[in-house]
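A.B. asks: There's a structure below that I have some questions on.
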Ligand SMILES: CC(C)(COP(=O)(O)OP(=O)(O)OC[C@H]1O[C@@H](n2cnc3c(N)ncnc32)[C@H](O)[C@@H]1OP(=O)(O)O)[C@@H](O)C(=O)NCCC(=O)NCCS
């Protein structure tokens, strides 16, 4: 991401955060102890009635492989199944991006399918992998319910 596109994305995220009802939550991934923004992770409510959202994440290349994306996805899941009271959170990735699939697996999401030619990219049909978690899979959800 260039600095210009990063600034544009931050402006867009700020504008989205003011919408009512709020559907878009973009988290900045910052290094502990500094204000350096090294990535983002987002959660977007796609259907308020179904309480369903999807997630996305991207990290600066020099910070890959340190567990940051997994930490960010776990944070989104906690927000989604906690204060946002969502029922289902899903994420998609390119099957040729095993790092991204692994992040969702490590965060506890389940692989639900391989969606053939489900997107158009640069004039071509492309396949996608689908991962999801539902509220009863969320560790905090069931134990919190059982304790009540
Ligand atoms: C995908 C991405 C977010 C991962 O971020 P990250 O902070 O490096 O992820 P983590 O360190 O939390 O975990 C990465 C996992 O993928 C694994 N992995 C990475 N590349 C891999 C590869 N080519 N093959 C197999 N596993 C791979 C790592 O080993 C690690 O798993 P492990 O902890 O079991 O060893 C980062 O690579 C990125 O920003 N890519 C470009 C944008 C993108 O693809 N976003 C996702 C769109 S769906």
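Bear in mind that the values in this text are calculations on the coordinates, not laboratory data. Keep in mind it's a predicted model, so treat the numbers as computed, not measured. Reconstructed Cβ throughout: ideal geometry from the backbone, glycine too, with neighbour counts over all protein chains shown.
A.B. asks: Among 20, 52, 112, which one moves the most in a GNM of the chain with springs linking Cα atoms closer than 10 Å?
C.D. replies: Of the options given, 20 has the highest mean-square fluctuation.
A.B. asks: Between residue 31 and residue 71, what length comes free when the chain is fully extended (0.36 nm per residue of separation minus the Cα-Cα distance, one decimal in nm)?
C.D. replies: Numbers: separation 40, 0.36 × 40 = 14.40 nm, distance 1.20 nm.
Extending this stretch completely gives an extra 13.2 nm.
A.B. asks: Which whole-angstrom value gives the distance between the alpha carbon centres of the stretch 117-141 and the stretch 18-76?
C.D. replies: 16 Å
A.B. asks: Could you sort 101-110, 24-33 so that the peptide with the highest average Cβ count within 10 Å comes first and the rest follow in order?
C.D. replies: Values: 101-110: 18.5, 24-33: 13.7.
Highest-to-lowest ranking by the protection proxy: 101-110, 24-33.
A.B. asks: With a Förster radius of 25 Å, plug the Cβ-Cβ distance of residue 20 and residue 47 into 1/(1 + (r/R0)^6) and report the FRET value to the nearest 0.05. Present the calculation step by step, with values, prior to reporting the outcome.
C.D. replies: On the way: r = 17 Å, r/R0 = 0.67.
The value I calculate is 0.90.
A.B. asks: While we're on this one: May I ask you to sort 10, 89 by Cβ crowding, counting other Cβ atoms within 10 Å and putting the fewest first?
C.D. replies: Working: 10 14, 89 30.
Ranked by crowding around the Cβ, least crowded first: 10, 89.
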